Amino acid sequence: SKLSFNSADYTKVNEQLQKATEILNGEKIYTDESLAVLSDACNAVDKTKKIYEQSEVDAYATNIENAINTLEYIGADYTAVEEQVNLAKAELDKNTAFATAHPGYTYYTAETISNLQAALDAVDYTLGLDEQDKVTAYATAIAEAIAALTPAPADYTAVNAAIDSIPEDTSVYT
């Protein structure tokens, strides 16, 4: 009778392969590049290793786990944010044009312009699909800031000065 070595223990590898398979066959939320790394790690597994090669088998499990842990999400959808940014820019342009035509004045109050600018500045364009809720919240915040834009009050200084310059006795006028 011929002696032979037992097969290596693939328990950890099989656990990682199961996780990887679920990811690879699941919803497309990761970049093609990071999925390719995971797929390559899975395809590198050699199921014929013997017990004396256990360290290589353990490395397969580690490589798959590392590939899973470094998966990169597809970028979030910023379409709604971009639509709101374009609307906001139109309002900011209107304010700038008014201020240019009427030095010292603005169309909207400084506070509401500041709030809109803060909403625009808060947008983080680096978020992944896993943080789509935050991206949607950015669009909502910009839309709310646009809706809250308040026209600046009119300056009645010149009108009041003209009224004040009217003599009390207007009977001399025809």
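The values are calculated or read from the model by the stated rules, or taken from the named source; none is laboratory data. Treat the numbers as computed from the prediction; the structure is a model and nothing was measured. Reconstructed Cβ throughout: ideal geometry from the backbone, glycine too, with neighbour counts over all protein chains shown. Ligands, DNA and RNA are stripped out before the accessible areas are found, and what is left, the full protein with its side chains, is counted by its heavy atoms. Shrake-Rupley method; radii C 1.70, N 1.55, O 1.52, S 1.80 Å.
Could you please let me know if S39 is closer than 17 Å to Q16 by Cα, open to solvent by 80 Å² or more (accessible area, probe 1.4 Å), among the hydroxyl-bearing types (S, T, Y) and at pLDDT 95 or above?
On the way: closer than 17 Å to Q16 by Cα: yes; open to solvent by 80 Å² or more (accessible area, probe 1.4 Å): no; among the hydroxyl-bearing types (S, T, Y): yes; at pLDDT 95 or above: yes.
Against the criterion (closer than 17 Å to Q16 by Cα, open to solvent by 80 Å² or more (accessible area, probe 1.4 Å), among the hydroxyl-bearing types (S, T, Y) and at pLDDT 95 or above), S39 does not qualify.
Testing A139 on (1) closer than 30 Å to T31 by Cα; (2) without any contact (Cβ under 8 Å) to a residue 12 or more places away in the chain, one condition comes back false. Which one is that?
That leaves (2) as the condition not met.
Quick one: which residue in I68, I142 is touching a Lys or Arg at 6+ places or on another chain (Cβ under 7 Å) and among the β-branched types (V, I, T)?
On the way: I142 fails: touching a Lys or Arg at 6+ places or on another chain (Cβ under 7 Å).
Among I68, I142, only I68 is touching a Lys or Arg at 6+ places or on another chain (Cβ under 7 Å) and among the β-branched types (V, I, T).
So which helices (runs of 4 or more DSSP H) are wholly in the range 65-174 and hold at least 2 residues that are more than 23 Å from the chain's Cα centre (by Cα)? Even if it seems obvious, please write down each step before you answer.
Working: elements: 79-101, 110-121, 132-147, 157-164.
So the answer is 79-101, 110-121, 157-164.
Go through the range 1-34 residue by residue and tally those that are assigned to a helix (DSSP H, G or I), of a type in the set (S, T, N, Q), surrounded by 15 or more Cβ atoms within 10 Å (Cβ to Cβ) and under 26 Å from the mean Cα position of the chain (by Cα).
1
Of T79, T109, which residue is modelled with pLDDT of 95 or more, closer than 30 Å to L24 by Cβ and hydroxyl-bearing (S, T, Y)? Reasoning before the result, please.
Working: T109 fails: closer than 30 Å to L24 by Cβ.
Exactly one of T79, T109 is modelled with pLDDT of 95 or more, closer than 30 Å to L24 by Cβ and hydroxyl-bearing (S, T, Y), namely T79.
Specify the residue that is surrounded by the most Cβ atoms within 10 Å (Cβ to Cβ); the eligible residues are those in the range 51-105 that are over 16 Å from P151 (Cβ atoms) and of a type in the set (D, E).
Looking at residues that are over 16 Å from P151 (Cβ atoms) and of a type in the set (D, E), I get E65.
Has the range 124-137 got any residue that is open to solvent by less than 40 Å² (accessible area, probe 1.4 Å), under 21 Å from K94 (Cβ atoms) and modelled with pLDDT of 95 or more? Please lay out each step first, then the result.
Taking the range 124-137 first, the residues open to solvent by less than 40 Å² (accessible area, probe 1.4 Å) are 127-128, 135.
Then keep just the ones that are under 21 Å from K94 (Cβ atoms); that gives none.
No.
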